Amino acid sequence: MTNLQEIASEIESYVINDAKQAEDFRIKFIGSKGLIKELYGELKNVPADQKREFGQQVNQLKNLAEEKYNASKENVSDSKSQIDRFDLTRPGFDESIGSRHPLSIVRSEIIEIFKKIGYSVSEGPEIEDDWHNFSALNFPPEHPARDMQDTFFIDKGEQEIALRTHTSSVQVRVMENSTPPIRTISPGRVYRNEAISARAHCFFHQVEGLYIDKGVSFADLKQTLLYFAKELFGEKAQIRLRPSYFPFTEPSAEVDVSCTICNSKGCNVCKYSGWLEILGCGMVDPNVLESCGIDSNEYSGFAFGMGIERITQLKYKVNDLRMYSENDLRFLRQFTSNI
Ligand code: DAH
């Protein structure tokens, strides 16, 4: 005789995940040619004294199968009705897009300006040796010019290791590893042992530029910087050069841009001078070229370096350097649209 217990457990463990499986289940157990119909057919062969119990058990099986089938139908059709309820016309959820850091925005802008006139971008290590940060750049040992850059030395061994104080070290690496013509800018983070205040920080960011070729002159330097100032601050921008000193350039100059805030009429940002200091520059000292394996009789070049914080301060009127690294969302969110 058919084992009703086995059929019960088969019904219980039957997996129904979709409409097709539900239909297969129905045909197998409760359809007009299904197992349960068959069992009712067997009833006539069951001995009279067992008929009652057998009939009850088949009834229970029938209920079990029908309940399972009805429940599965609900599940299967439920997922379908979820799709029906999906409203394609409904507006999307608002994803907040975040913002780029103002220093990243300005760095990209500077890179784009120089890319347009053929400059590549080079990078180098932030932990530098004395040679690349100082000696190759014509800072003799013990020379007071080293004091201009309050350095974090991290190992006073035979070869001094320091956190780079400027990205001019990258220029040395580029000159050592390539042959002119060289036209490159090096953006990056630099470190100085400064007390943190609104006007100074122990780290900041620079972009340095280097152009080496045959016959490069001071006029090329001036024109390049004028182009840069106009691209960055607008067509009306003017520049002026003041004599200065850097060990790695001769002659050297400090560059001011006409104050874009007051149109050079005088305001508290330009301290009523009409000019804003933006960078240092000069003709690469022949000693530097020779240190880096470039023949200074054949080649000449210019270099310049600027602080990204300084440019950002002028563009966005951020007067406290500390805000760049405080991660205050009220400050950072103001740059959301400046992607
Ligand atoms: N390295 C200088 C500094 O950090 C800036 C600078 C001045 C870079 C003149 C140059 C340059 O390449 O020619 O103060």
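Applying the selection to the range 218-237, what residues are loosely packed, with under 14 Cβ neighbours inside 10 Å and part of a loop (DSSP other than H, G, I, E, B)? Walk me through how you get there before you give the answer.
Our first condition is that a residue be loosely packed, with under 14 Cβ neighbours inside 10 Å; within the range 218-237, this holds for 219, 223, 234-236.
Residues satisfying the conditions are 234, 235, 236.
For the range 86-122, name all the residues that are surrounded by fewer than 12 Cβ atoms within 10 Å (Cβ to Cβ) and in contact with a strand residue (DSSP E or B) (Cβ under 8 Å, 6 or more places away or on another chain).
So in the range 86-122, the residues surrounded by fewer than 12 Cβ atoms within 10 Å (Cβ to Cβ) come out as 86-98, 112, 116, 118.
Across the range 86-122, the qualifying residue is only 118.
What residue, of 186, 197, 244, is in a strand (DSSP E or B) and under 29 Å from the mean Cα position of the chain (by Cα)?
Details: 197 fails: in a strand (DSSP E or B); 244 fails: under 29 Å from the mean Cα position of the chain (by Cα).
Going through 186, 197, 244 in turn, the sole match is 186.
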Residue list for the range 243-272, restricted to those being without any contact (Cβ under 8 Å) to a residue 24 or more places away in the chain, away from the ligand (no atom under 16 Å from the Cβ) and surrounded by fewer than 16 Cβ atoms within 10 Å (Cβ to Cβ): 262, 265, 266, 267, 268, 271, 272
Residue 181 vs. criteria at pLDDT 95 or above, within 13 Å of the ligand (Cβ to nearest atom) and surrounded by fewer than 20 Cβ atoms within 10 Å (Cβ to Cβ): no
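State whether one or more residues within the range 273-280 are small (Gly, Ala, Ser), at pLDDT 95 or above and either in contact with a Pro (Cβ under 7 Å, 6 or more places away or on another chain) or open to solvent by 70 Å² or more (accessible area, probe 1.4 Å) (or both). Show your work before the answer.
Residues of the range 273-280 that are small (Gly, Ala, Ser), as a first pass: 273-274, 280.
Subsequent filtering for residues that are at pLDDT 95 or above retains 280.
Subsequent filtering for residues that are either in contact with a Pro (Cβ under 7 Å, 6 or more places away or on another chain) or open to solvent by 70 Å² or more (accessible area, probe 1.4 Å) (or both) retains none.
No - not one qualifying residue is present in the range 273-280.
State yes or no: is residue 311 touching a residue at least 24 places away in the same chain (Cβ under 8 Å), assigned to a helix (DSSP H, G or I), within 16 Å of the ligand (Cβ to nearest atom) and not charged (D, E, K, R)? Outline the logic, then answer.
Values: touching a residue at least 24 places away in the same chain (Cβ under 8 Å): yes; assigned to a helix (DSSP H, G or I): yes; within 16 Å of the ligand (Cβ to nearest atom): yes; not charged (D, E, K, R): yes.
Yes.
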Enumeration of residues in the range 143-172 that are open to solvent by 20 Å² or more (accessible area, probe 1.4 Å) and part of a strand (DSSP E or B): 153, 154, 155, 156, 160, 161, 163
Test result for residue 283, part of a strand (DSSP E or B), aliphatic (A, V, I, L, M) and open to solvent by 10 Å² or more (accessible area, probe 1.4 Å): yes
For residue 161: the one exception among (1) over 28 Å from residue 221 (Cβ atoms); (2) within 14 Å of the ligand (Cβ to nearest atom); (3) more than 27 Å from the chain's Cα centre (by Cα): (2)
Looking only at the range 20-33, and only at residues there that are in a helix (DSSP H, G or I) and loosely packed, with under 15 Cβ neighbours inside 10 Å, the one that is modelled with the lowest pLDDT: 20
Evaluation of residue 195 against (1) free of Cβ contacts under 8 Å to residues at least 12 places away in the same chain; (2) within 16 Å of the ligand (Cβ to nearest atom) (one fails), failing number: (2)
Matching residues in the range 258-282 - criterion: being among the hydroxyl-bearing types (Ser, Thr, Tyr) and farther than 11 Å from residue 240 by Cβ: 260, 272
Failed item in (1) modelled with pLDDT of 95 or more; (2) part of a loop (DSSP other than H, G, I, E, B), with residue 175 passing the rest: (2)
Qualifying positions in the range 287-308 - in a helix (DSSP H, G or I) and without any contact (Cβ under 8 Å) to a residue 24 or more places away in the chain: 290
Criterion (over 24 Å from residue 148 (Cβ atoms) and open to solvent by 80 Å² or more (accessible area, probe 1.4 Å)) met by exactly one of 240, 333, 322: 333
Of the criteria (1) open to solvent by less than 60 Å² (accessible area, probe 1.4 Å); (2) within 21 Å of residue 110 (Cβ to Cβ); (3) modelled with pLDDT of 95 or more, which one residue 192 fails: (3)
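The values are calculated or read from the model by the stated rules, or taken from the named source; none is laboratory data. Everything numeric in this text was worked out from a predicted model, so none of it was measured. Counting neighbours? That spans all protein chains shown, and the Cβs are built from the backbone with ideal geometry, glycine included. Note: areas computed on protein heavy atoms with side chains; ligands, DNA, RNA excluded. Shrake-Rupley method; radii C 1.70, N 1.55, O 1.52, S 1.80 Å.
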